[in-house]
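**Q** Pasting in a structure now, in structure tokens, and then I'll have a few things to ask.
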Amino acid sequence: MAQYAVSAQDLTYRYGDLLAVDHISFDIPEGEVLGFLGPNGAGKSTTVKMLTGQLRPASGKAVLLGKDIAQNTNAVQAHIGVLFETTNLYEQMNAVENLTLFAQLFGVKNFNALTLLEKVGLGGREKERVANYSKGMKQRLMLARALINSPRVLFLDEPTDGLDPVSSQTVHALIREAAQNGTTVLLTTHDMVEADKLSNRVAFINKGKIVVLDTPAALKQAYGKRALRVEVQAANGATEIREVTLDADDTPQKLHDLFQNERVITVHSEEATLEDIFVKITGRGLHG
Amino acid sequence: MIRMIAALVRKDVKLFFRNQFFALITLLGLAFYLLVYFMLPATVEERLPFAIYVEGMAGGLTGTLPLGEDELSDGLTIVTFDSQAALIAAVEKGDYLAGLVLPADALAAVRRAEPISLSLYYAPATPLEVRNALNSVLTAGFNSFAGVAGVTRVTEVLGQPVDAPLPLRDRVLPTLVLTILAVEIMGLATLIVEEVEHRTAQAVLITPLGTPQFFASKAVMGIGLAFVQVFAIVAISGKLAADPLLITLTLLIGCLLITGIGFLIAALSRDMMSVIGWGMLVLIVLALPSFTLIFPNIGSSWMMYIPSYYLVDTLHRTINFSAPLGDVAPNLLALLIIGGGTLVIGSFALRRRFA
């Protein structure tokens with residue numbers, strides 16, 4: 001068994017003069033969900049393309065399940081699943097036909113498309129042409145396709161981009177289930193809340209380099225503000241904000257006084273969001 | 001590997017017939033080609049248009065000469081010209097099977113039983129037996145008029161004779177085959193371009209399927225789709241009986257060439273419109289050699305540089321003249337080399353596109 005499910009070792013890629021990925025290295029242990037965050041053009045997709053064997057690195061190597069993917073492309077691809085950002089289904093075929101084709105390409109025995117479609121919430125729509133599906137249905141079908149071979153490593157590129165909340169929840173549940181079953185997941189996303197909810201660790205990529213890689217909790221501790229934000233209602237009816245620092249000696253007394261003397265409406269911790277941390281580290285936003 | 005290729009081919013067949021444009025074009029096209037074939041005359045034109053010019057009688061004897069109802073004149077139409085140049089031009093153009101230039105003193109000389117020499121101009125497509133028959137009729141006719149044998153000498157000028165007359169439908173058949181193949185080039189190229197455009201190729205290539213197997217599936221699809229149609233049209237026309245094995249082999253090698261060209265067009269095209277643009281250009285170029293079968297006068301040696309020449313010529317000779325393998329082997333070898341080469345170059349270009 002490989003020590004790491006995914007190991008990027010000094011990966012580099014150039015588009016002409018542009019250095020898209022600049023000597024990136026990281027490892028993902030089996031069963032971990034790694035959130036891969038960064039703005040457009042940061043090098044996320046190029047890194048994923050190298051990790052999935054779609055691009056050959058200019059230097060360095062991508063080792064998946066103990067094998068260099070450049071040397072064992074098809075053998076490694078048999079054990080990975082990829083959900084692309086852009087819809088790329090055979091739209092003139094129905095869901096069953098789409099899934100059956102990929103099951104045949106993966107050599108999956110006794111494949112039951114209907115069970116998988118039920119799982120992603122597309123039961124009863126299996127005979128419709130995919131062209132008639134909504135974006136959310138297409139995305140769920142693509143996720144089903146990525147799960148056909150029960151992959152050991154799952155690459156998900158913006159899995160909930162543009163989806164309604166219900167579809168997003170279905171997708172999140174499926175990602176959690178895959179991870180619980182031991183699948184390693186590389187989750188590329190712009191959605192900080194999604195990354196925070198699903199990832200064991202997150203990597204920030206900026207200008208082709210990984211600038212930080214840690215658990216969301218550790219990052220929030222390291223970069224966040226340890227304070228509480230308390231909303232109170234003043235005597236004149238207006239809402240006022242009080243801030244209580246968590247690490248001070250008089251913190252318990254201050255909190256006690258607040259609840260004793262004022263009408264507290266809400267209490268929030270003032271931990272930084274992943275987006276705040278990203279901006280703090282890179283000086284640029286995730287959507288830029 | 002075969003399992004994966006078979007799965008992709010099944011998918012392509014399904015998608016091909018769900019693309020209403022190409023499904024309609026294919027089915028209607030096949031029906032149209034068969035209709036054209038069977039509507040064309042199955043027999044050779046039996047009318048013998050004959051031109052004549054009598055020296056020294058310019059303007060005095062022009063128009064169609066009235067002929068009697070006897071057997072000799074049956075089907076013979078004689079049209080007189082007012083100059084030798086006009087006669088030659090009309091015969092060269094193919095309007096007349098032959099044209100006779102009669103010297104001014106010919107009739108007087110024959111009457112005196114003196115030797116005469118007649119110039120007969122033949123159209124290049126005039127069959128050999130028609131030439132022989134006309135030569136005999138003229139020689140015998142003038143000799144009997146003189147009452148002495150051997151006084152008349154007929155000199156043939158203009159084009160080389162062809163072996164035998166062919167009905168138009170038989171001359172058109174290789175053109176129909178080539179047109180079907182050329183349309184299939186566009187069908188195949190569109191299938192590939194759509195896979196790139198819709199990024200479905202990216203999805204299938206991230207499975208254990210390799211690029212060579214992906215191309216192999218497209219080649220099987222291209223060859224299969226084209227072959228089924230051209231085989232059907234040759235079989236329905238009844239021409240397959242001439243030499244089933246050799247004709248099948250020729251069609252298969254032709255499909256190899258067409259698949260290679262389809263790959264090249266797919267590598268060059270961004271979308272369906274550019275496939276149609278390149279496809280029409282290729283169709284016109286590939287069809288040129290087949291036109292020489294319909295209009296023999298336009299034949300030229302440079303046609304041999306068009307790859308489809310070897311397909312058309314082989315089909316023409318096998319289907320219409322039952323040429324044996326020995327006769328067409330050099331053609332088939334050339335077609336195989338060009339077809340195989342085109343497939344390799346096409347695959348290479350496509351691989352670069354996919355990279």
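All of the numbers you see were taken from the coordinates with simple rules; none came from a lab. This one's a predicted model, so the numbers in the text were calculated from it and none came from an experiment. Because the Cβ atoms are built from the backbone with ideal geometry, glycine has one as well, and the counts that use them run over all protein chains shown.
**Q** Using the Karplus equation 6.51 cos²θ - 1.76 cosθ + 1.60 (θ = phi - 60°), what ³J(HN,Hα) coupling, rounded to whole Hz, does each residue of the stretch A:238-250 give in order, writing x for Gly and Pro?
**A** Each residue's phi maps through the Karplus curve to give 6, 8, 10, 10, 10, 10, 10, 6, 7, 9, 7, 5, 9 Hz.
**Q** I need the phi-derived Karplus couplings for the stretch B:208-224: 6.51 cos²θ - 1.76 cosθ + 1.60, θ = phi - 60°, integer Hz, Gly and Pro marked x.
**A** Coupling constants for the stretch B:208-224: x, 5, x, 4, x, 5, 4, 5, 4, 5, 5, 5, 4, 4, x, 5, x Hz.
**Q** Taking the Cα centre of the stretch A:225-270 as origin, sum charge times position over the Cβ atoms of Lys and Arg (+1) and Asp and Glu (-1), and report the length of that vector in debye to the nearest 20.
**A** Dipole of the stretch A:225-270, to the nearest 20 debye: 140 debye.
**Q** Can you give the net charge of the other residues whose Cβ lies under 12 Å from the Cβ of residue B:347, counting K and R as +1 and D and E as -1? Numbers along the way, then the final one.
**A** Numbers: positive: B:218, B:351, B:352, B:353; negative: none.
Within the 12 Å Cβ shell, the charges total +4.
**Q** Let me ask something else. With 24 Å as the limit, write out which pairs from A:44/A:197; A:135/B:218; A:61/A:138; A:61/A:119; A:225/A:280; A:197/A:225 have Cα-Cα distances beyond it, or answer none.
**A** Working: A:44/A:197 20 Å; A:135/B:218 29 Å; A:61/A:138 33 Å; A:61/A:119 35 Å; A:225/A:280 12 Å; A:197/A:225 20 Å.
Over 24 Å Cα-Cα: A:135/B:218; A:61/A:138; A:61/A:119.
**Q** Just for the protein assembly as shown, what percent of DSSP beta bridges are antiparallel, to the closest 5?
**A** 55 percent
**Q** Could you give the size of the charge dipole of the stretch A:4-213 about its Cα centre, using +1 on the Cβ of each K and R and -1 on the Cβ of each D and E, expressed in debye and rounded to the nearest 20?
**A** 320 debye
**Q** Check residue A:82: other-chain or 5+ apart residues with amide H under 5 Å from its amide H, H built from backbone geometry?
**A** A:155
**Q** Additional query: Count, for each residue of A:85-92, the Cβ atoms from other chains sitting within 10 Å of its Cβ, then give me the mean as a whole number.
**A** On the way: counts 1, 3, 4, 8, 4, 10, 4, 7.
Neighbouring Cβ atoms belonging to other protein chains average 5 per residue here.
**Q** May I ask you to evaluate 6.51 cos²θ - 1.76 cosθ + 1.60, the Karplus curve with θ = phi - 60°, for each residue of the stretch A:209-223 and list the ³J(HN,Hα) values in order in whole Hz, giving x for glycine and proline?
**A** After applying 6.51 cos²θ - 1.76 cosθ + 1.60, I find 10, 7, 8, 7, 8, 6, 6, x, 5, 5, 5, 5, 5, 5, 10 Hz.
**Q** Under the rule of at least 5 residues apart or a separate chain, name every residue whose amide H is placed under 5 Å from the amide H of residue A:210.
**A** So residue A:210 has HN proximity to A:25.
**Q** While we're here: What does the structure give for A:95-103 when I average, per residue, the other chain Cβ atoms found within 10 Å of the residue Cβ?
**A** What the average comes to for A:95-103 is 3.
**Q** I would also like to ask the following. Compute the signed sum of charges (Lys and Arg +1, Asp and Glu -1) over the other residues within less than 10 Å, Cβ to Cβ, of residue A:119.
**A** With Lys, Arg at +1 and Asp, Glu at -1, the neighbours total -1.
**Q** Give the average, rounded to an integer, of partner chain Cβ atoms located within 10 angstrom of each Cβ in B:8-19.
**A** For this peptide, the per-residue mean of nearby foreign Cβ atoms is 3.
**Q** In the stretch B:168-270, what trypsin sites (Lys or Arg not before Pro) fall in a loop by DSSP, with at most 16 other Cβ atoms inside 10 Å? Intermediate values should be presented prior to the final figure.
**A** Working: sites: B:169, B:171, B:199, B:218, B:239, B:270; in loops: B:199, B:270.
Listed in order of number, the matching sites are B:199, B:270.
**Q** Tally Lys/Arg at +1 and Asp/Glu at -1 over every other residue whose Cβ is under 13 Å from the Cβ of residue A:85; what's the total?
**A** Numbers: positive: A:44, A:49, A:135, A:138, B:199; negative: A:157, A:158, A:161, A:191.
Combined, the nearby Lys, Arg, Asp and Glu give +1.
**Q** Enter the Cα centre distance for the pair the stretch B:172-247 and the stretch B:313-327, rounded to the nearest angstrom.
**A** 24 Å
**Q** Find how many whole Å separate the alpha carbon centroid of the stretch A:1-62 from the alpha carbon centroid of the stretch B:96-125.
**A** 90 Å
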